[in-house]
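This report concerns only the one structure given below.
The values are calculated or read from the model by the stated rules, or taken from the named source; none is laboratory data. Everything quoted here is computed from the prediction, not taken from an experiment. So basically every Cβ, Gly included, is an ideal-geometry build from the backbone, and we count neighbours across all protein chains shown. The area values use the complete protein model at the heavy-atom level, side chains included, leaving out ligands, DNA and RNA. Shrake-Rupley method; radii C 1.70, N 1.55, O 1.52, S 1.80 Å.
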Amino acid sequence: SGDSFTGSYLRPTADPYAPHLPAREHMDGVWATAGWSRQLGPDSHVELQTYFDHEMRRGPVFDERNETADLDFQHVLPRWGVHTLTWGAGVRYSRDRLITFSDVQVNPPADSFWLSSAYVQDEINLFADRFTLAAGARIEDSNIGDRAVLPNLRGRVALSERTAVWAAVARGVRRPSR
């Protein structure tokens, strides 16, 4: 699936900080996503998903162009007793370009970013699947920042068919952006 957009933005004409700038900015873009999955058995499957996004903004102060491509793979292995093991990997690439038309400058005017990751998770189902404990870890690496190990632990108790209580503890990182 996918979509595209185009349009203009009118800023207030009585802008006291930039009365000399035109009031119109133009934006357009396109995005698309595609996926593939295959059932390998009654409780095992693989999934592949990809995503692409392109957007452009043209205005009186700067022009901006962003592109992002993403690819993710996941494999759920057959249940082994009370264990369900899931593993996967992904990669994301993003680039941008900013061209300024004023005294404000962005340095560097063009930049790119990549992020790769791999993860594994064991979901343990106990007491006729009324209690679930999931433990896993994700490793992320990128050209911005350090390699990160991100463990997580989640628990869920089914109180009825429609009600459950869950809790989670996880480590996350925030990657720098422009």
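Summary table below
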quantity	calculated
Burial ranking of peptide ranges 85-98, 102-115, 139-152 (average Cβ count within 10 Å, highest at the top)	85-98, 139-152, 102-115
Alpha carbon convex hull of the chain, volume per residue in cubic angstrom	180 Å³
Local electrostatic count, residue 148, Cβ distance below 15 Å [Lys/Arg +1, Asp/Glu -1]	+3
Percent accessible area from carbon and sulfur atoms, the range 55-178, protein chains only, probe 1.4 Å	59 percent
Total formal charge among the other residues, if their Cβ is under 10 angstrom from that of residue 118, Lys/Arg +1 and Asp/Glu -1	-1
Pair-distance profile P(r), taking every C-alpha pair of the range 71-132, with 10 angstrom steps and integer %	18, 25, 19, 15, 12, 9, 2
Extension reserve of the residue 61-residue 133 stretch, reckoned as 0.36 nm per residue once the Cα distance is removed	20.7 nm
Pair residue 51, residue 71: separation of 7 Å Cα→Cβ label points (nm)	1.7 nm
For the range 90-178: span of alpha carbons on each principal axis (Å, largest first)	65, 25, 17
In nm, spacing of pseudo-spin labels at residue 1 and residue 177 (7 Å Cα→C-beta vector)	2.2 nm
Contour minus Cα-Cα distance for residue 43 and residue 83 (0.36 nm per residue)	13.2 nm
